[in-house]
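The values are calculated or read from the model by the stated rules, or taken from the named source; none is laboratory data. What you see is a predicted model, and the numbers here were worked out from it, not measured in a lab. Note that we place each Cβ from the backbone using ideal geometry, even for glycine, and neighbour counts take in every protein chain shown. All accessible areas refer to the heavy atoms of the entire protein, side chains included, with ligands and DNA or RNA removed. Shrake-Rupley method; radii C 1.70, N 1.55, O 1.52, S 1.80 Å.
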Amino acid sequence: METLMILLIGVLVSVATYLVLSRNVIRVILGTAVLSHAVHLLILTIGEVKKGEAPLLGNQTADGPYTDALPQALILTAIVISFAVTAFVLVLAFRAYKTNGTDDLEKLRGDEYD
Amino acid sequence: MTIHLAIILPLLMAALIPFIYKLFTKIKIGWLVLLVPVTVFILLARFIPLISSGETRTYTYEWMPSLGINFTTYLDGLSMIFGLLISGVGALVVLYSIFYLSTKEALHNFYCYLLLFMGAMLGVVFSDNLMVLYAFWELTSVSSFLLIAFWHHRRASKAGARKSMLITVSGGIAMLAGFIMLHAMTDSFSIREIIAEMPALTNESLFIPAMICVLLGAFTKSAQFPFHIWLPDAMEAPTPVSAYLHSATMVKAGIYVVARLTPVFAYDLTWFWTVTIVGLITLFWGSFNAVKQTDLKALLAFSTVSQLGLIMSLFGMGSLAFHVDIDASTIIYTQAAFAALFHLMNHSTFKGALFMMVGIIDHEAGTRDIRRLGGLMTIMPATFTIAVIGSMSMAGLPPFNGFLSKEMFLTSALKVAEFDIFTLSSATALVPVIAWVASVFTFIYCMIIIFKTFFGTTEKLPQDRHIHEAPIGMLISPFVLVFFVIAIFFFPNVLAKYILAPAMLSVYPGLASMTDMTPHVYAWHGFNTELWMTIGVVVFGFVLYATLSKWRNIYNTIPAQFTLNNAFNRVLAEGENVSSFITKLYMTGSLRHYSLYMYGFLILVVGSYFAFSDTFRFSMENNAEIHVYEVLLVLVMAVAAVAMLFAKSCVTATVLNGVVGFGISLFFVIFRAPDLALTQLIVESVTTVLFLLCFTYLPTWKPEKTSHRQKMTNATISILVGLLVVAVSLSVLYFNEFKTISSFFENAYELAGGKNIVNTILGDFRAFDTMLEVVVLCIAGIGVYTMIKFRTKKGDDRHEN
């Protein structure tokens, strides 16, 4: 299972990298979104999957062993942060488009004396 | 502790001066500042009896013991001379500046920088640790930069400050490299320990490079040829600064380092040749160029360059004493170093007085151009007295102290010429010749200072102001200095016994006893070669001065484009061009390029590590079982992700991104992470809505206009990055050295009173992380709000649609 997941992560990272290298702002932002998906999966997979119950104590059907709770806590933080950053960058792109009239990064290089 | 106090006091006062200036606007803060050098001087003077008996004092304050860097102060004869000069001349300069600078100037800045310099300079001469010495050394460069640029509205001030900074700091870095090499050889930063170990290490391969690097630092700081070009430009500083930093103290820091490290490097003859030759060239070139100057301060600057060369060459000659067996007949070779120390003191007295004299003329007449000066003798008799005494001493005439040290200099030069251990003995015969020629030019520019300024007619003087004698306050300091010029001539042996003799022990530790190395200084030696040389200097000097207009044209023989200044400017301009060219090569402003650099570097470093080391491990033994629906889910997500690359519209791409996101939340469910699944579901929904919302304001997605080659590069890089991540992840998965720490969190109920472990980690164990996460959310929220709410200024909004 872990190996399969890692292969999926590899595909996601490749796609994300390709998108980040594009000229269009939205594609770059989508790329970062896919990249954060890949990283979340990666953290969870490295922590070994399906080795126990959900990390909820006092559950009557199960009494351990539990899945590793630490990666889950990390991912939870990461999801929220990446959401905040995606929202911010999206609005930034929107604002940049309104000011400069283009969403092409190659045209947003700025001139010589900026 | 006293010596630490002496260093700290000026630095502390430098920090306080701006506040004191704000508090007491009525009084001249110079008087308050004056207390600092006077206190330091008294503190140091109390040690004179102790030091003159040949003893030393060390105090250690452990600063960075793990790196072997301690703030150890070392008080011996050599540092005493410099300490007294710094505090003594410092006090006189501050006194002078109180009357020189108008209260309208930014006095708090001026005194802050000046005190900063004073503390740094005291730090340089009292530090035993080379690293601490270096730190203070650079601080003197910085304070010198600030003081030269004090009138920063003037273009020339800024240019001069930049030039001095560039030259002295690059030399300083070379010196740092030299110090590190010394550390590599001796495993110590302490000067005393290095001196003790050094004689055995002269054959080390680092010995010569270390010497060259240290000398580069010393030569740049002490304005030796060809680095002297910064000193004349530094004359843009206010005159008290020129008198203090650029003649009496800072430019002697290089000489201090040479004197201090003589017992380290002098065992090799390279030291003798380098220091002596560079010193002599500087001596000649400085005096030769001083004659052509028309600005009195520039003239004094070149004369300072020349005199520094003289002192430097004397230390070079003095290093010969390490190559002979010291007995009664060869002790004479140490006399060069004695003359150097003696001239160092004398130069500070007469040159300080001369700078203050020029400052007075500038202050009263409004110009220091000798073409516009003349006949000031009757108008300013006191200033004239100072000028005559200072110049005569500089020219080496009795009854002034310059005569004594100049005679000793000629003696040493003649002795070196006789030195016969070299195969190239004819080369050393040139030493007295260069010394004599330079002395003739020195005599000429001294005549220029006196005659062009104070004799002749008053017609050329600026007519728009009433010129009169300077106020008494400005005359005190130069008069104190010229008093010493005369007093040292009549009682040189008092100075020799109490101040110079212990310093000889620092230059020649353990070579001979203090009394053996301290010659008795006489003003009259009978008619010997030295006296005839001096008489020759006077005669030839007068003749050449009288015929100056006839041979002045030789200064025009070097075309302007071949001067050192021009070379320096060219190098600087070319350096700027080249570096901006290189920067523009890779700083293209394109996000794609920057990302490519990062990914490329990642692949290069991590990928080549995998390729060349046997780290890749892979095993499927511990893998969990796979169900069919899981494989299907993986396939769906992979296809959705790849399809994003070919999506024709941005809505499609966003929906596909959503598919990946919801797929992940399903995996969270499968992997027993219910909290994550819930959060991911919500966040994914909101993100998708946000994307779609944004698209209504953004233009429709046009096909990428990238070339085929760029696409191929992007694809290759992407696939390589993906493979790399897979390789790293598989290896990490295989690596099982460390136990997981999460069993600790399974006591969540006892420790934090919660049954959901993930929640207790977020809300209790790592609550600070969560709090900061909320801060990040807040900042992002504020950013989003302001960007949407506030419109750009009118006129900028022309792209609104």
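Once you place label points 7 Å from the Cα toward the Cβ at residue A:81 and residue A:43, how far apart are they in nm?
Taking the simple label geometry, residue A:81 and residue A:43 are separated by 0.7 nm.
Along Cα→Cβ, 7 Å out, is where each label goes; now give me the distance between the ones at residue B:4 and residue B:597 in nm to one decimal.
Each label point is offset 7 Å from its Cα along the Cβ direction, giving 4.6 nm.
Would you list B:230, B:532 from the most to the least accessible area, probe 1.4 Å?
B:532, B:230
Keeping the other protein chains in place, figure out the carbon and sulfur percent of the accessible area of chain B, with a 1.4 Å probe.
Using a 1.4 Å probe with all protein chains present, chain B comes out at 68 percent carbon and sulfur.
Can you figure out the FRET efficiency of residue B:790 with residue A:107, using R₀ = 30 Å and their beta-carbon distance, to the nearest 0.05?
0.80
Which whole-number percent gives the relative contact order of chain B, counting Cα pairs below 8 Å spaced six or more residues apart?
With pairs under 8 Å counted, the relative contact order is 10 percent.
At a Cα cut-off below 12 Å, give the aspartates and glutamates reachable from residue B:252, other chains included and same-chain residues fewer than 8 away excluded.
Within the straight-line cut-off, residue B:252 pairs with nothing.
Beta carbons within 10 angstrom, averaged per residue: use that to sort the peptides B:401-410, B:161-170, B:614-623, highest first.
Peptide ranking by packing, descending: B:401-410, B:161-170, B:614-623.
For chain A, what is the relative contact order in percent, using Cα pairs closer than 8 Å and at least 6 residues apart in sequence?
It rounds to 26 percent for chain A.
Starting from the 7 Å offset along Cα-to-Cβ, what nm value, one decimal, do you get for the label separation of residue B:619 and residue B:693?
5.1 nm
Within a 10 angstrom radius of each residue's Cβ in A:40-47, how many Cβ atoms of other chains show up on average? Whole number is fine.
Taking the mean over all residues of the peptide, I get 5.
Taking each residue of B:621-631 in turn, how many C-beta atoms of other protein chains fall within 10 Å of its C-beta, and what is the average?
Counting Cβ atoms of other protein chains within 10 Å of each residue's Cβ and averaging gives 3.
Report the full-extension gain for the segment residue B:57 to residue B:166: residue separation times 0.36 nm, less the Cα-Cα distance, to one decimal in nm.
Result for the pair: 35.7 nm of gain on full extension.
Stretched out fully, how many nm does the piece from residue B:532 to residue B:611 gain, at 0.36 nm a residue minus the Cα gap?
20.5 nm
Let me make sure I get this right: for the protein assembly as shown, a, b and c are the square roots of the gyration tensor eigenvalues over alpha carbons, sorted descending. Under 1.5 in a/c it's rounded, otherwise prolate if a/b > b/c, else oblate. Which is it?
Judged from the Cα gyration tensor, the protein assembly as shown comes out prolate (a/c at least 1.5, a/b above b/c).
Can you bin segment B:627-699 into rounded, prolate or oblate? Criterion: square roots of the alpha carbon gyration tensor eigenvalues sorted a ≥ b ≥ c, rounded for a/c under 1.5, prolate for a/b above b/c, oblate for the rest.
Cα axes put segment B:627-699 in the oblate bin.
What length, rounded to one decimal in nm, is gained on full extension from residue B:551 through to residue B:108, with 0.36 nm per residue of separation minus their alpha-carbon distance?
So the chain would gain 154.7 nm between residue B:551 and residue B:108.
Could you sort B:435-448, B:705-718, B:250-263 so that the peptide with the highest average Cβ count within 10 Å comes first and the rest follow in order?
By packing density, highest mean first, the sequence is B:250-263, B:435-448, B:705-718.
How large is the accessible surface per residue of chain B, computed with a 1.4 Å probe and reported in Å² as a whole number?
Per-residue accessible area for chain B comes out at 45 Å².
Calculate, for chain A, the solvent-accessible area per residue in square angstrom, rolling a 1.4 angstrom probe over the heavy atoms of the protein chains.
With all protein chains present, chain A gives 37 Å² per residue.
Can you give the FRET efficiency for residue B:31 and residue B:66, using 1/(1 + (r/R0)^6), R0 = 35 Å, r = Cβ-Cβ distance, to the nearest 0.05?
The value I calculate is 0.20.
Between the DSSP loop rule and a limit of at most 11 other Cβ atoms within 10 Å, which trypsin sites (Lys or Arg not before Pro) in segment B:728-779 are left?
The qualifying sites are B:739.
Taking residue B:584 as the anchor, which lysines have their alpha carbon closer than 23 Å to its alpha carbon, excluding any fewer than eight residues away along the same chain?
Straight-distance partners of residue B:584: A:107.
Does anyone have the angle between helix B:30-45 and the longest principal axis of chain B? Alpha-carbon axes, 0 to 90°, nearest 10?
Long axis of B:30-45 versus the principal axis of chain B: about 70 degrees.
With the solvent-accessible surface defined on protein heavy atoms using a 1.4 Å probe, which residues belonging to segment B:722-736 display a reduction of at least 10 Å² in accessible area in the multichain context relative to the isolated chain?
Residues meeting the cut-off: B:722, B:725, B:726, B:729, B:730, B:732, B:733, B:736.
Excluding same-chain residues fewer than 8 positions from residue B:158, which lysines have a Cα within less than 19 Å of its Cα?
Here the lysines satisfying the reach criterion relative to residue B:158 are B:221, B:297.
Cross-link list B:104/B:163; B:452/B:497; B:163/B:415; B:28/B:351; B:28/B:406: which exceed 31 angstrom alpha carbon to alpha carbon?
Flagged as over cut-off: B:452/B:497; B:163/B:415; B:28/B:406.
Per residue in segment A:88-102, which ones lose no less than 50 Å² of accessible surface when going from chain alone to all protein chains (1.4 Å probe)?
Hits at the 50 Å² cut-off: A:88, A:90, A:91, A:94, A:95, A:97, A:98, A:99.
Give me the accessible area buried between chains A and B, both sides summed, with a 1.4 Å probe, in Å² rounded to the nearest 100.
8600 Å²
Please label the shape of segment A:2-105 as rounded, prolate or oblate, based on the square roots a ≥ b ≥ c of the eigenvalues of the alpha-carbon gyration tensor (a/c under 1.5 means rounded; beyond that, a/b larger than b/c means prolate, else oblate).
Judged from the Cα gyration tensor, segment A:2-105 comes out oblate (a/c at least 1.5, b/c at or above a/b).
To the nearest 10 degrees, how steeply does helix B:529-546 sit against the main Cα axis of chain B, on a 0 to 90 scale?
Tilt relative to chain B: about 80 degrees.
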